[in-house]
Structures are given as structure tokens and as C-alpha cells.
Amino acid sequence: MKPLILISNDDGIKAKGLKELCRAAEGLGEVVIAAPDREKSGAAGSITIWRNLKAVKKGFPGAAAAYSVNGTPVDCVKLAALKLLERRPDIVLSGINHGPNYGKFILYSGTVGAAVEAALLGIPSMAFSLSSFSPDADFTAAKEYAAKLIRLVLEGKIRMNSRTMLNINI
């Protein structure tokens, strides 16, 4: 059985970084996306509590399934891992964030928050961020680095236990 790869982010379902991370994971397993329906940067570990979450199935190149969720990145990971998917993801990937997530940014990052939530659920995870805020930022190197790292983890060459979260800035 192919590994189940869940991908989320905080920049929203239409973000360039999400498309690039999906391309990085393509061919390495069954890719499913659950991402916010709009930008949720700075959402950190927040959850939605005063309204129902809604997941709308979307077409997404390179993904077996994709859901646009009216919630935070943490909501997306929880909803997918606990309700939408028929089996538990083997790994959760978050990003590629458009901007760095190191230093104080980690405390506010929805990209990191989604990966932390996966680890809290007992699923190894990686948060990927591009260290550029430029509107025309090139995600190529980040995508290529992410693909190599994901492959090494899924092949067991880099071992991650169930509660491990890596934060990678490229």
C-alpha cells in the first residue's frame, strides 16, 4: 500500500507553495490535500469553535483528493486525519509557506501549527517555508529540497517517530 501523504498550509488552497509541495510529493505516495479556503497566515495553533467546519472537495493536479476547508490549518489537519480520510496519514506536510518560519515567526505560523497538530495526533510531520516574501519568489529550490527530504523519510533513510515535527526553512 502506498504511503498516505496529507498536505496542508496556511496560505490557502490556491497558494503557489501548496501546488509546489504537492508536486514535490507526487509519485511518493497517495497525496491528499486539506487546506484553508483562504489565507490563514498567523493562525498558529488556533481552532474553530463557534461554527461548523465545511470541507468542499476540489480538483487539484497531482492529488488523489483535495478539500477546501472553512477553518484554520489546524482544523484542516484534524478534520482530514480524524474524519475525511479512510486511514491515518503516514506523514503530514505543511507549506510551502511564502515567507520564513524561524525565530518568533514560529509562534504565529499556521504552517508550523498544522505540522505541530499532526505530531500531537501521533503523525510525523514537516513544515516547509520559503525564506522570501517577494511576490515573484521562486519556489523551485524549496520544491526540490522538499521532494528529496520527503523521499528520504518515506524510504526510512531519515527516521521520524510518530510525534516528530521538522520545521524546514529554505
Residues satisfying the stated conditions in the range 40-56, i.e. at pLDDT 95 or above and either under 25 Å from I150 (Cα atoms) or under 13 Å from the mean Cα position of the chain (by Cα) (or both): K40
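Using the structure shown, decide if N70 is touching an Asp or Glu at 6+ places or on another chain (Cβ under 9 Å), surrounded by fewer than 23 Cβ atoms within 10 Å (Cβ to Cβ) and touching a residue at least 12 places away in the same chain (Cβ under 8 Å).
Working: touching an Asp or Glu at 6+ places or on another chain (Cβ under 9 Å): yes; surrounded by fewer than 23 Cβ atoms within 10 Å (Cβ to Cβ): yes; touching a residue at least 12 places away in the same chain (Cβ under 8 Å): yes.
So N70 passes the test.
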Within the range 137-170, count every residue that is in contact (Cβ under 8 Å) with a residue 12 or more places away in the chain and closer than 20 Å to L120 by Cα. 12
Failed condition for A80, given (1) under 15 Å from A34 (Cα atoms); (2) outside any helix (DSSP H, G or I): (2)
Restricting attention to the range 89-124, and to residues there that are in contact (Cβ under 8 Å) with a residue 24 or more places away in the chain and among the charged types (D, E, K, R), which single residue is nearest to L28 (Cα to Cα)? D90
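The values are calculated or read from the model by the stated rules, or taken from the named source; none is laboratory data. What you are looking at is a predicted structure, and each value in this text was computed from that prediction instead of being measured. Positions of Cβ are backbone-derived with ideal geometry, glycine not excepted, and every protein chain shown enters the neighbour counts.
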